[in-house]
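First comes the structure, then the notes that go with it.
What follows is calculated from the coordinates using simple rules that are stated; it is not laboratory data. Every value quoted in this text rests on a predicted model; they were computed, and no experiment measured them. No Cβ is skipped: glycine too gets one built from the backbone with ideal geometry, and neighbour counts run over all protein chains shown.
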Amino acid sequence: MQIFGRIPLSEDVHSMVTSTTMKHLIIIFYLTVVLFSLSPAVATSLRPVSLEQLSTRATLIFYGEVLNNKVKQDEKSGQIVTFTEFKVIDLIKGNTGQTHTIKQIGGFLKNSNTTLRIHGVPKFQVGNNYVVFLPTKSTLGFSSPLGLHQGRFSVLTINGEQVISNGRALNNQPQGEYSQHMNIHPGRAVQIPLAVRADNPSQSRLDDFINTVRGYNTPLQ
């Protein structure tokens, strides 16, 4: 049995997802998704999120390797959820231990042969490396990346060099609050733009990317 859902999103609130089965009443549950929109109105699709916005609004950012994915029937929400455990290779912002686990709505539950698929919720492959931008956990413990797939960056090795991408162009991104503040106060330190690959602007060197994210979180003097 497969259950599908589409998430109505609004900024800084837990998005609501409705799932209906023949044997159950409609169940409303919450998924933590912080949407960076210009207004608090309900949206039907994600607006583009800049790297600066991800960097400054996330409460936890790390570079890590996926150790395992475990799908369970969640006790708190009653829904099918996936717990993804990461080995933290480099903690970029926030506080966590040597491992960190996130909970997302959806997954395949073997014992009931039931799949819950929620449009837009990113997946993580065991053994792969990612840089993840996370919000504060919801009251139900959900913590999908900010902007969903936009806050999940895959780390790849190309010609012996580690590069990073979330599939979107990393150059020519709109200015956020940090950059606007720099323009108002030109005498202060300037954030160096992220260097991207000339042949693929959706990719950047991992070290450059991490340094840029840290730069966005450097306190202004």
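Observations on the structure shown:
- Cα centroid separation, the stretch 44-73 to the stretch 95-126: 13 Å.
- Residues His149, His119, His100 in ascending order of nearby Cβ atoms (within 10 Å, fewest first): His119, His149, His100.
- Sequence ranges 137-148, 84-95, ranked by mean other-Cβ count within 10 angstrom, highest first: 137-148, 84-95
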